[in-house]
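The values are calculated or read from the model by the stated rules, or taken from the named source; none is laboratory data. The structure displayed is predicted, hence computed values, not measured ones. Note that we place each Cβ from the backbone using ideal geometry, even for glycine, and neighbour counts take in every protein chain shown. Heavy atoms of the whole protein, side chains included, go into the accessibility calculation; ligands, DNA and RNA do not. Shrake-Rupley method; radii C 1.70, N 1.55, O 1.52, S 1.80 Å.
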Amino acid sequence: MLPTNAYAAQSAITPLAPFTFNRREPGEHDVQIEILYCGVCHSDIHQVRNEWGGSAFPMVPGHEIVGRVTSVGNKVTKFKAGDLAGIGCFVDSCRECENCKQSLEQYCDSGMIGTYNSKERKTGAPTYGGYSTQIVVDENYTLKISDKLPLAGVAPLLCAGITTYSPLKYAGVGKGHKVAVSGLGGLGHMAVKFAVAFGAEVTMLSSSLSKAEDAKKLGAHHFALTSDESTMNGLKNKFDFILNTISAEHDYGTYLNLLRTNGTMIVVGVPPTPSIVPAISLIMKRKSIIGSLIGGIKETQEMLDYCAEHGIVSEVEVIAVDKINEAYERMIKGDVRYRFVIDINSLRK
Ligand code: NAP
Ligand code: ZN
Ligand code: ZN
């Protein structure tokens, strides 16, 4: 067994605190990774606080993991000790269903095995995430990481990156499209970068006026303050797509009104409470709402390679692990520019 230092939540109402546990020894298909950086996703907060239900404790969150391979099992072919490697939101899936066969493992019919807050497929042991010093994962669920990009900025690509890249690709977003992104946080800022890179005209819809300058720096062509009624009225019937990353309860109708005929709102944000969808805001101009969950292994690798080629990384604030509870509070207030990333060396001291 591999003794591992971590930060864990012991319940939905207690702060995260130091925790130790054992990782499994690498099996023949496994890669053992010394974790260097782990991004902090709003899904970590939702799950630590049991806002979606079904949380299991102790919980070691973290699914935006980059690190260095320290050893590999004897049947591993894609990685060797010393390589950079990444782990995203899941570490296994059934491998046999139609979705798994198409590398849509996130939609596995038996349910993907989450990097944390889940149970290992073979042993039923709890999975623990990246707020920890090392992880052991099957090579088929491990991503290759380029050494061209700053590693702390790469970590958030493993969730915030793929979650926004995948639906923009699926929707065929590109030149000639008007795209709005709602919610300028971890996901939102990556959505702006990708939509701009794909050639769309991008508008940032934000509840924070203080983020206007940043939105432009990230590449957005326009910024709209969602509390400003006249601005919002002026944006009616404007967009082909809205990528909705908002993490808290909000009115879908307000955003649907901004779509033009046949427009689509892509929902990736997962507020803990259901949103009301007024039928009238869908039928009047044949609008749709679709959802999207992260991305499969193949597409995640494609996204990482695209980022390495185009120099795309996340804007990060690197923190020591003992600042994690403060970071959660700041994220809930929308005060993150634009992703907290834990320097996992702070767990080794
Ligand atoms: P984040 O960094 O905290 O950003 C969320 C943003 O939402 C905030 O920066 C804020 O942007 C906006 N917001 C927050 N509260 C709001 C409110 N009451 N009204 C309007 N806007 C509000 O979160 P994240 O890590 O990007 O995650 C966003 C959501 O996506 C979470 O629910 C997360 O669980 C979910 N998620 C889904 C997937 C998936 O696969 N579908 C993957 C990862 C995460 P402004 O200040 O600009 O308004
Ligand atoms: Zn996430
Ligand atoms: Zn499957």
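Observations, loosely collected:
- Carbon/sulfur fraction of accessible area - the range 51-195, other protein chains in place, 1.4 Å, %: 50
- Relative protection proxy for 87-96, 6-15, 47-56, from highest mean packing down: 87-96, 6-15, 47-56 (other beta-carbon atoms within 10 angstrom).
- Cα radius of gyration and Dmax for the range 160-291 (Å): 13.2, 37
- Solvent-accessible area per residue, Å², over the chain with all protein chains present [probe radius 1.4 Å]: 43
- Globularity ratio of the range 105-159, using Cα Rg and 2.2 N^0.38 Å: 1.29
- Convex hull (Cα only) mean projected area of the range 83-242, reported in nm² to one decimal: 11.8
- The range 290-349 and the range 144-208 have Cα centres lying 13 Å from one another.
- Under Karplus coefficients 6.51, -1.76 and 1.60, residue-wise ³J(HN,Hα) of the range 279-293 in Hz, glycine/proline x: 3, 4, 6, 8, 6, 4, 9, 6, 8, 10, 10, 10, x, 8, 10
- Cα-Cα P(r), the chain, percent of pairs per 20 Å interval: 32, 58, 11, 0
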